[in-house]
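The block underneath contains the structure these notes are about, expressed in structure tokens.
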Amino acid sequence: MEKVHEQPALSHPRHWPMRAGIALFRVLSRLPWGAQKILAAVLGWLWWHVIPVRRRVALINVRLCFPEKSEADLRHLARAHFHALALGVFETCLAWWTPARRLPPHEITGMEHLAAARARGRGVLLLTAHFSTLELCGRMLNERGRFGCLYRDPNNPVLAEVMRGQRERRMSVAVHFDDLRGLVRALKDGHVIWYAPDQARKLKLSALLPFFGVPAITSTATGRIAAMTGAAVVPYFGIRRPDGSYQLTILPALENFPTPDAEADALRVNHLIEEAVRAAPEQYFWVHKRFKARGPDLPDVYAR
């Protein structure tokens with residue numbers, strides 16, 4: 001009989017460093033927010049200097065997406081992104097473990113658009129993208145009315161366990177990224193689902209479409225899911241303002257969506273995300289290889 005290799009239990013000593021790290025950040029989340037922001041600045045500086053692989057990916061991405069910028073401006077943007085990533089870690093701690101009264105100042109506009117979409121009774125895809133603020137802004141929005149999410153587990157199983165537990169505790173429903181039936185069922189049951197299609201994989205429901213004018217594997221599932229369920233698609237983006245407060249913006253549900261052209265629908269989504277990224281470019285998730293796996297006819301921009 002073939003031997004089955006089981007993953008060590010999460011209490012195994014190999015997982016102790018991650019558990020210790022999570023415990024440390026849980027303690028740090030009790031510090032005043034101003035102190036946490038100082039620690040984030042130090043951590044962002046450190047990451048920029050000690051993680052050259054991700055620094056290189058971020059620089060490649062911003063060069064592709066903002067060819068009009070000078071090299072000095074691009075490096076400044078990439079460095080600012082690492083600061084935003086570090087802030088995102090502390091923001092995530094706030095989102096998970098801080099009572100609502102201690103959340104930073106924030107403003108939510110467009111709740112009437114979400115209410116109107118909900119009133120249709122067919123569920124809502126809360127269309128967004130991967131920004132460093134996603135956990136904290138999600139918590140802020142959730143305080144105004146519970147919603148669900150589509151999620152993907154991180155590679156580390158301990159972090160995945162904690163993250164999944166937080167989302168299942170706070171969200172109305174948590175659906176795994178690969179569970180299309182679960183997503184369709186949640187929408188048909190009337191849930192509002194946080195949905196970010198901007199980190200697509202090369203699958204059946206994907207196409208090679210421009211993102212900031214650069215060909216990228218793009219999910220075409222948004223329109224098809226809306227067609228299958230009748231759900232409204234409501235764009236939503238949350239950013240960190242220069243003064244340290246947060247702006248959460250909910251836009252009206254997309255009109256004439258979906259259409260019979262899934263690729264045109266996906267391109268429309270890309271354009272919405274591009275507009276949101278331009279509003280706070282350092283906060284978008286540039287360390288992700290957005291332009292990978294594009295096929296043999298296009299160069300591997302991340303190859304050395």
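Structural remarks
- Taken together, Arg56, Arg30 contain a single residue that is out of contact with any Lys or Arg (no Cβ under 8 Å at 6 or more places or on another chain), basic (Lys, Arg) and either at pLDDT 95 or above or under 18 Å from Gly145 (Cα atoms) (or both), which is Arg56.
- Restricting the first member to the range 142-164 and to residues that are basic (Lys, Arg), and the second to residues that are assigned to a helix (DSSP H, G or I), the beta-carbon pairs closer than 8 Å and six or more apart or on different chains are Arg144/Met111; Arg146/Arg170.
- With respect to the stated conditions, Ala160 is surrounded by fewer than 17 Cβ atoms within 10 Å (Cβ to Cβ), part of a helix (DSSP H, G or I) and in contact with a Pro (Cβ under 7 Å, 6 or more places away or on another chain).
- The condition of being within 22 Å of Ile108 (Cβ to Cβ), of a type outside the set (Gly, Ala, Ser), surrounded by fewer than 16 Cβ atoms within 10 Å (Cβ to Cβ) and out of contact with any Phe, Trp or Tyr (no Cβ under 7 Å at 6 or more places or on another chain) holds for only one of Arg169, Arg185, Arg181, that being Arg169.
- Subset of the range 69-124 (residues that are basic (Lys, Arg) and within 22 Å of Ser245 (Cα to Cα)): Arg79, Arg101, Arg102
- For the residues Glu282, Glu275, the requirement of being of a type in the set (Asp, Glu), under 15 Å from the mean Cα position of the chain (by Cα) and closer than 27 Å to Glu107 by Cβ singles out Glu282.
- Any hit, the range 216-224, residues being farther than 19 Å from Pro258 by Cβ and out of contact with any strand residue (DSSP E or B) (no Cβ under 9 Å at 6 or more places or on another chain): no
- Across the range 44-72, the qualifying residues are those that are surrounded by fewer than 16 Cβ atoms within 10 Å (Cβ to Cβ) and of a type in the set (Val, Ile, Thr), and the one among them that is farthest from Leu209 (Cα to Cα) is Val50.
- Counted residues, the range 188-204 - those being crowded, with 16+ Cβ neighbours inside 10 Å and touching a residue at least 24 places away in the same chain (Cβ under 8 Å): 8
- Some residue of the range 256-267 being modelled with pLDDT of 95 or more, of a type in the set (S, T, N, Q) and touching a strand residue (DSSP E or B) at 6+ places or on another chain (Cβ under 9 Å): no
- Selection count, the range 254-304, where residues are on the phi > 0 side of the Ramachandran plot and touching a residue at least 40 places away in the same chain (Cβ under 8 Å): 2
- Criterion: buried (at least 19 other Cβ atoms within 10 Å of the Cβ) and within 30 Å of His12 (Cβ to Cβ) - qualifying residue of Ala78, Ala86: Ala86
- Residues of the range 179-214 satisfying the condition of being assigned to a loop (DSSP other than H, G, I, E, B), of a type outside the set (D, E, K, R) and over 23 Å from Tyr284 (Cα atoms): Gly190, His191, Leu203, Leu205
- Residue pairs whose Cβ atoms lie under 9 Å apart, sitting 6 or more positions apart in sequence or on different chains, and linking a residue in the range 234-253 that is within 15 Å of Pro281 (Cβ to Cβ) and in a strand (DSSP E or B) to a partner that is hydroxyl-bearing (Ser, Thr, Tyr) and modelled with pLDDT under 95, do not occur here.
- Look at the range 108-120: where a residue is at pLDDT 95 or above and in a helix (DSSP H, G or I) and a partner is surrounded by 15 or more Cβ atoms within 10 Å (Cβ to Cβ) and of a type in the set (Ser, Thr, Tyr), sitting 6+ places away or on another chain with Cβ atoms under 8 Å, you get Leu114/Tyr236.
The values are calculated or read from the model by the stated rules, or taken from the named source; none is laboratory data. The structure presented is a predicted model; accordingly, all values stated were derived computationally and were not measured. Here the Cβ is made from the backbone with ideal geometry for all residues, glycine too, and neighbour counts use every protein chain on show.
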